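Enquirer: The structure under discussion is supplied below as structure tokens; questions concerning it will follow.
The values are calculated or read from the model by the stated rules, or taken from the named source; none is laboratory data. Given the structure is predicted, the values throughout are model-derived calculations rather than measurements. So basically every Cβ, Gly included, is an ideal-geometry build from the backbone, and we count neighbours across all protein chains shown.
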């Protein structure tokens, strides 16, 4: 009587399903604690599709229906259609340009009717994950060759570039998480060193005066040439390489970084970055990107959101103020508190203990996904699982750091907990595909 239908449950990792249900429950409770007002009829407000927590509940029901269909689908369907889905994702991203709707300052959303919205940059994460796994699992893919590295990078960077063109820099950064999958599959460490060096150079450009930094870079190049003089005598190309690297670094410092901060990023995003590092914005008068920051977050200063978020988390203390007893989150002191800043709602309501419990569950979830990835016989399933882990890790780390002032505010939702139909459905579909692939982990999928 109590046995599950073997056609559905065979091989399924129910721990992942229960973790998923726990996250969504925490999310709906958190959203409810923000949006509920005294005197509201709880039952009517939950079934009326008028409140944000009511909508989130309906999105969850839709996600469960989609999840059921995915669990009943043959795993080979995902390998067979991975490239098709990728093309569909790129097509949806391109449709944003003629059919986008401006919602809270972003132009990356397509609206159908009055209530239904789609943000292709969110859903495209699923398609990129599938396409990258498909490419890396091909028999003819030799991932020791630079050509394969460039192809895999192109799969990831194409949607990222289109997303940046839609002025969604935050979501575009998520696609870079897929490079972790490539490193797992053998991408040389040299790429990681180059990427880390570029990040250090960008940070140094923001912190150090430009002429002084140019002198420092020149001095480093001169010292490198001096200490490598014996190797240079034997191999003249090394001197050319050092000079080219020096020229590239100076070029990035002098031209690339200013271009990004004046032509790509919105002015309020630049302000938040410089506010984070405690410096005045030197590009304030040069930024030409047209951006209207959402009215809900346009306050006296650019770090208003973060300051209010930290106040909310700090006021929660060790055990929290209690459910529906928070003041910062209940009275709208924190802008976007049901989406980007949902973690501060947990911090204020349930305190340090509640926050640690939620982060602990996330950590267990990530470790579980990695464990699932490593037990796959199929390269496709392993790559897809690592893609899921990378995306979730990026979202969790950036969102939490954002709310406590350790990262700039770039509009990254907390998986399963932040309000948003596209976000919830995207993360749900990603997870259910993983569960389906893992159920057939003894199969070799390509």
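Enquirer: Kindly state which helices (runs of 4 or more DSSP H) lie completely within region 166-218 and contain at least 2 residues that are under 19 Å from the mean Cα position of the chain (by Cα), touching a residue at least 12 places away in the same chain (Cβ under 8 Å) and under 30 Å from residue 133 (Cβ atoms).
Expert: Ranges flagged: 169-174, 179-184.
Enquirer: Something else now. Restricting to region 16-39, name every residue that is exposed (fewer than 14 other Cβ atoms within 10 Å of the Cβ) and either modelled with pLDDT of 95 or more or over 16 Å from residue 337 (Cα atoms) (or both).
Expert: Within region 16-39, 18, 21, 25, 38, 39 meet the criteria.
Enquirer: Residues of region 374-426 being outside any helix (DSSP H, G or I) and farther than 30 Å from residue 50 by Cβ, which ones?
Expert: Those that are outside any helix (DSSP H, G or I) and farther than 30 Å from residue 50 by Cβ: 375, 376, 377, 378, 404, 405, 406, 407, 408.
Enquirer: Could you please give the count of residues in region 120-166 that are buried (at least 24 other Cβ atoms within 10 Å of the Cβ) and at pLDDT below 90?
Expert: Residues meeting the conditions: 3.
Enquirer: What do you reckon, is residue 359 without any contact (Cβ under 8 Å) to a residue 12 or more places away in the chain, more than 18 Å from residue 129 (Cβ to Cβ) and in a helix (DSSP H, G or I)?
Expert: no
Enquirer: Being within 32 Å of the chain's Cα centre (by Cα), crowded, with 17+ Cβ neighbours inside 10 Å and over 15 Å from residue 204 (Cβ atoms) is the filter here; which residues of region 222-270 pass it?
Expert: Passing the criteria: 262, 265, 266, 267, 268, 269, 270.
Enquirer: Does residue 416 fit the bill of being crowded, with 24+ Cβ neighbours inside 10 Å, on the phi > 0 side of the Ramachandran plot and either modelled with pLDDT under 95 or touching a strand residue (DSSP E or B) at 6+ places or on another chain (Cβ under 6 Å) (or both)?
Expert: When the stated conditions are applied, residue 416 passes them.
Enquirer: Could we say that residue 43 is surrounded by fewer than 20 Cβ atoms within 10 Å (Cβ to Cβ), free of Cβ contacts under 8 Å to residues at least 12 places away in the same chain and within 30 Å of residue 313 (Cα to Cα) here?
Expert: yes
Enquirer: For residues that are within 12 Å of residue 429 (Cβ to Cβ) and surrounded by 15 or more Cβ atoms within 10 Å (Cβ to Cβ), tally how many sit in region 67-88.
Expert: Residues that pass the stated criteria total 5.
Enquirer: Let me ask something additional. Take the residues of region 92-117 that are modelled with pLDDT of 75 or more and more than 16 Å from residue 423 (Cα to Cα): which is surrounded by the most Cβ atoms within 10 Å (Cβ to Cβ)?
Expert: Among them, the one singled out is 96.
Enquirer: Conditions: (1) assigned to a helix (DSSP H, G or I); (2) within 20 Å of residue 334 (Cβ to Cβ). Residue 44 meets all but one. Number of the miss?
Expert: The one condition residue 44 does not meet is (2).
Enquirer: Ok, one more. Kindly establish whether residue 404 is surrounded by fewer than 22 Cβ atoms within 10 Å (Cβ to Cβ) and either under 18 Å from the mean Cα position of the chain (by Cα) or farther than 20 Å from residue 344 by Cβ (or both).
Expert: For residue 404, the condition - surrounded by fewer than 22 Cβ atoms within 10 Å (Cβ to Cβ) and either under 18 Å from the mean Cα position of the chain (by Cα) or farther than 20 Å from residue 344 by Cβ (or both) - is met.
Enquirer: Right, something else. Can you spot a residue in region 48-63 that is loosely packed, with under 13 Cβ neighbours inside 10 Å, modelled with pLDDT of 90 or more and over 23 Å from the mean Cα position of the chain (by Cα)?
Expert: Yes: one or more hits.
Enquirer: Which numbered condition in (1) assigned to a helix (DSSP H, G or I); (2) buried (at least 22 other Cβ atoms within 10 Å of the Cβ); (3) within 23 Å of the chain's Cα centre (by Cα); (4) without any contact (Cβ under 8 Å) to a residue 40 or more places away in the chain is the only one that residue 312 fails?
Expert: (3)
Enquirer: A further question follows. Would you be able to tell me the number of residues in region 384-397 that are buried (at least 23 other Cβ atoms within 10 Å of the Cβ) and more than 17 Å from residue 361 (Cβ to Cβ)?
Expert: Here the count works out to 6.
Enquirer: So which residues in region 145-155 are within 15 Å of residue 87 (Cβ to Cβ) and without any contact (Cβ under 8 Å) to a residue 60 or more places away in the chain, if there are any at all?
Expert: Selection gives 154 alone.
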